[in-house]
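K.L.:
My questions will all concern the structure given below.
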Amino acid sequence: MSVRQPQALVVVGSINVDLTALVERLPAAGETVGGGRLRRDVGGKGANQAVAASRLGARVRMVGAVGSDADGVWAVEAIRNAGVDVGDIATVDSPTGTALIAVDEAGENQLVVCSGANALVDAGGIAVGTGDAVLMQLELPLDVVRAVVTRAPGFVALNAAPARRLPEDLVERVDLFIVNETEYAAMPELRAARRVAVTYGAAGAAMIAEGAETARVPAAAVATVVNTVGAGDAFSAALTLAILAGAPDEQALRTACAVGAAAVARPTAQPPLAPLELYAVAEAGGCSPR
Ligand code: ATP
């Protein structure tokens, strides 16, 4: 098998500030619930995946947009501090993307996403070099995703979340789709895709090629599940890097599941992570790097 070594992983995607209220129970329509505790985190699937890939040891460039406000400065700083090249994050005339999240004691949540600056990412200015690999999600406008995917000369991975109807040319071009089981069910067009990794939360993940399952692995054991938000982002970054490093599907899935498990053991959607090789080794040896 040929091993592709990308010059860099280019993550083109969303950057949000996540404002999370931790509450006893979620409000019904028109109701006010008091007693909330507030968390403020940098999020967005694009930022989460760029940060995860960098912490796993990849050279990562992020392409995206924030507003010319304090949240934008803060978000870019946080992404830079994780080792990501932020030179292609534009500052645009719109508020920084914001997700308003309420989480109850059972972990059930409600979300409102205001895409703000993310809606103004300009596909025209996005350069992807020969040999660069691309990782995207669906939190940017579909025409931006389509333009980047069409122009990218190398490997393209698309975490197709949140689910939406995908045009045929995009399904044909993408080398690796990553979705959770709900998204897979919502996008029947993915049955025609070359390679789709489907995640099943605590039940692991599978690889499906042109509608037929080719590999399936269980989730890695986690002593205490603290927060599952962002597990899919850590998994997506890890799987993309493992496949790019030449790992066969089953081994790549195992490594990505080990990284997903490390993510759910932490309270944040941008968890600390060890270099990718340690998860591959730990999985083979049956222990965890953290
Ligand atoms: P999110 O949107 O919340 O980031 P997702 O729905 O995209 O997540 P999941 O299927 O929940 O993705 O999780 C991705 C991967 O993370 C799973 O395939 C699994 O490897 C790991 N994972 C998730 N939940 C658990 C868990 N409870 N225990 C162990 N591993 C888990």
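K.L.:
Among the residues of region 23-37, what is the count of those that are in contact with a strand residue (DSSP E or B) (Cβ under 6 Å, 6 or more places away or on another chain) and either closer than 25 Å to GLN137 by Cβ or open to solvent by 60 Å² or more (accessible area, probe 1.4 Å) (or both)?
P.N.:
Filtering region 23-37 down to residues in contact with a strand residue (DSSP E or B) (Cβ under 6 Å, 6 or more places away or on another chain) leaves 23, 26, 36-37.
Subset that is either closer than 25 Å to GLN137 by Cβ or open to solvent by 60 Å² or more (accessible area, probe 1.4 Å) (or both): 37.
So the count comes out to 1.
K.L.:
Now a separate question. Kindly indicate whether any position in region 175-198 is within 20 Å of ALA127 (Cα to Cα), more than 15 Å from the ligand (Cβ to nearest atom) and buried (at least 19 other Cβ atoms within 10 Å of the Cβ). Walk me through how you get there before you give the answer.
P.N.:
Step one: of region 175-198, the residues within 20 Å of ALA127 (Cα to Cα) are 175.
Narrowing the set further to residues that are more than 15 Å from the ligand (Cβ to nearest atom) leaves 175.
Adding the requirement that they be buried (at least 19 other Cβ atoms within 10 Å of the Cβ) leaves 175.
Yes, region 175-198 contains at least one residue that is within 20 Å of ALA127 (Cα to Cα), more than 15 Å from the ligand (Cβ to nearest atom) and buried (at least 19 other Cβ atoms within 10 Å of the Cβ).
K.L.:
Quick check: is even one residue across region 86-103 within 16 Å of the ligand (Cβ to nearest atom) and open to solvent by 60 Å² or more (accessible area, probe 1.4 Å)? Steps first, please.
P.N.:
Here is the first cut: in region 86-103, the ones within 16 Å of the ligand (Cβ to nearest atom) are 99, 101-103.
Then keep just the ones that are open to solvent by 60 Å² or more (accessible area, probe 1.4 Å); that gives none.
Within region 86-103, none of the residues are within 16 Å of the ligand (Cβ to nearest atom) and open to solvent by 60 Å² or more (accessible area, probe 1.4 Å).
K.L.:
Now, a different point. Only one of VAL42, VAL63 is in contact with a helix residue (DSSP H, G or I) (Cβ under 6 Å, 6 or more places away or on another chain) and surrounded by 14 or more Cβ atoms within 10 Å (Cβ to Cβ). Can you tell me which? Quick ask: steps written out before the conclusion?
P.N.:
Numbers: VAL63 fails: in contact with a helix residue (DSSP H, G or I) (Cβ under 6 Å, 6 or more places away or on another chain).
Matching residue, one of VAL42, VAL63: VAL42.
K.L.:
Among the residues of region 135-160, count how many are crowded, with 19+ Cβ neighbours inside 10 Å, touching a residue at least 24 places away in the same chain (Cβ under 8 Å) and in contact with a helix residue (DSSP H, G or I) (Cβ under 7 Å, 6 or more places away or on another chain). Walk me through how you get there before you give the answer.
P.N.:
The initial filter retains those residues of region 135-160 that are crowded, with 19+ Cβ neighbours inside 10 Å, namely 135-140, 144-145, 148-149, 152, 155-160.
Okay, now just the ones that are also touching a residue at least 24 places away in the same chain (Cβ under 8 Å), so 135-140, 144-145, 148-149, 152, 155, 157, 159-160.
Keeping just the survivors that are in contact with a helix residue (DSSP H, G or I) (Cβ under 7 Å, 6 or more places away or on another chain) gives 135-140, 144, 148-149, 155, 157, 159-160.
Of the residues in that region, 13 qualify.
K.L.:
Residues that are in contact with a Gly (Cβ under 7 Å, 6 or more places away or on another chain), of a type in the set (D, E, K, R) and within 16 Å of the ligand (Cβ to nearest atom): does region 139-158 have at least one?
P.N.:
Of the residues in region 139-158, the ones in contact with a Gly (Cβ under 7 Å, 6 or more places away or on another chain) are 139-140, 154.
From what is left, the residues that are of a type in the set (D, E, K, R) are 139.
Okay, now just the ones that are also within 16 Å of the ligand (Cβ to nearest atom), so 139.
Within region 139-158, one or more residues are in contact with a Gly (Cβ under 7 Å, 6 or more places away or on another chain), of a type in the set (D, E, K, R) and within 16 Å of the ligand (Cβ to nearest atom).
K.L.:
Related question: More than 14 Å from the ligand (Cβ to nearest atom), part of a loop (DSSP other than H, G, I, E, B) and open to solvent by 30 Å² or more (accessible area, probe 1.4 Å) - does that describe any residue in region 270-280?
P.N.:
Yes, region 270-280 has at least one match.
K.L.:
To continue, here is another question. Within the set of pairs 6+ apart or on separate chains, which have a first residue in region 181-201 that is assigned to a helix (DSSP H, G or I), a second that is at pLDDT 95 or above and away from the ligand (no atom under 16 Å from the Cβ), and C-beta atoms under 6 Å apart?
P.N.:
From residues that are assigned to a helix (DSSP H, G or I), the pairs are GLU189/LEU166; GLU189/VAL171; ALA192/VAL171.
K.L.:
Looking only at residues in region 248-260 that are open to solvent by less than 20 Å² (accessible area, probe 1.4 Å) and of a type outside the set (Ser, Thr, Tyr), which one is farthest from the ligand (Cβ to nearest atom)? Break it down stepwise before answering.
P.N.:
Looking only at region 248-260, we keep the residues that are open to solvent by less than 20 Å² (accessible area, probe 1.4 Å), and these are 252-253, 255-260.
Applying the additional criterion that residues be of a type outside the set (Ser, Thr, Tyr) yields 252-253, 256-260.
Numbers: ALA252: 12, LEU253: 8, ALA256: 7, CYS257: 4, ALA258: 8, VAL259: 8, GLY260: 2 Å.
Ranking the qualifying residues of region 248-260, first place goes to ALA252.
The values are calculated or read from the model by the stated rules, or taken from the named source; none is laboratory data. Everything numeric here is computed off the predicted structure, so don't read it as measured data. Glycine also receives a Cβ, built like all others from the backbone with ideal geometry; neighbour counts cover every protein chain displayed. The accessibility values were calculated without ligands, DNA or RNA, using every heavy atom of the protein model including side chains. Shrake-Rupley method; radii C 1.70, N 1.55, O 1.52, S 1.80 Å.
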